[in-house]
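See structure below.
The values are calculated or read from the model by the stated rules, or taken from the named source; none is laboratory data. The model shown is predicted, which means the values in this text are computed figures rather than measured ones. Neighbour counts run over all protein chains shown; Cβ positions are idealised from the backbone, glycine included.
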């Protein structure tokens, strides 16, 4: 199997083919590769130590998630919590896809009971500002990234940046909107716990 660099080099070779159809020689490609590697080394930036620590922590988190997997069933889904393993949720909904031409937001109902409503959701750009007084809303992000703008009843605001695997729960009465920051649509499990009337 070719790696990304080999594929890129092959594409470069095709783009360097001259008008008469002559492909570059192996020597030409070796010189180009050497020049690119020298350029990369010359302009390399050493990441800060905090980035190293963040990467190592993320690797440990992923290893822990992999070790603590469970098989979920669409017929009996558990409560979504901060301890939920996003890998389990991603696996149970992997065969559910939105229509290719969906516009804005697409929801796929997973459960609707007296206690909660659970949906698989895809969002292309944003979830407009909303507030809930009768449900506790939470979600776990399976794909993509987003930022949540949250405003409480006392006028305080915060922004929460979310990536794959992150979980958030909104408090009753918090006004919030969500902006997708990834190129691809965000995919999430959305839970609304219904409050007693």
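Report whether or not residue 158 is under 15 Å from residue 191 (Cβ atoms) and touching a strand residue (DSSP E or B) at 6+ places or on another chain (Cβ under 7 Å).
When the stated conditions are applied, residue 158 does not pass them.
Quick check on the range 85-96: of everything there that is under 16 Å from the mean Cα position of the chain (by Cα) and in a loop (DSSP other than H, G, I, E, B), which residue is surrounded by the fewest Cβ atoms within 10 Å (Cβ to Cβ)? Walk me through how you get there before you give the answer.
Within the range 85-96, the first condition is being under 16 Å from the mean Cα position of the chain (by Cα), and the residues that meet it are 85-91, 93-94.
Going one step further and asking which of them are in a loop (DSSP other than H, G, I, E, B), we end up with 85, 93-94.
Values: 85: 17, 93: 17, 94: 9.
Selected residue: 94.
Would you mind stating whether residue 95 is more than 20 Å from residue 166 (Cα to Cα) and modelled with pLDDT of 95 or more?
In short, yes.
Go through (1) modelled with pLDDT under 90; (2) touching a helix residue (DSSP H, G or I) at 6+ places or on another chain (Cβ under 9 Å); (3) under 20 Å from residue 145 (Cβ atoms) one by one and return the number of the condition residue 85 breaks.
Going through the list (1) modelled with pLDDT under 90; (2) touching a helix residue (DSSP H, G or I) at 6+ places or on another chain (Cβ under 9 Å); (3) under 20 Å from residue 145 (Cβ atoms), residue 85 breaks only (1).
Matching residues to (1) in the same structural domain as residue 100 (by TED's automatic domain parsing); (2) over 16 Å from the mean Cα position of the chain (by Cα); (3) in contact (Cβ under 8 Å) with a residue 40 or more places away in the chain; (4) within 20 Å of residue 79 (Cβ to Cβ):
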residue: 128; (1), (2), (3), (4): yes, yes, yes, no
residue: 137; (1), (2), (3), (4): yes, yes, yes, yes
residue: 145; (1), (2), (3), (4): yes, no, yes, no
residue: 171; (1), (2), (3), (4): yes, yes, no, yes
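For the range 68-76, indicate whether the set of residues that are touching a strand residue (DSSP E or B) at 6+ places or on another chain (Cβ under 8 Å) and either assigned to a strand (DSSP E or B) or surrounded by 11 or more Cβ atoms within 10 Å (Cβ to Cβ) (or both) is non-empty.
yes
Any residue in the range 119-131 that is at positive phi and not in a strand (DSSP E or B)? Break it down stepwise before answering.
So in the range 119-131, the residues at positive phi come out as none.
No, the range 119-131 contains no residue that is at positive phi and not in a strand (DSSP E or B).
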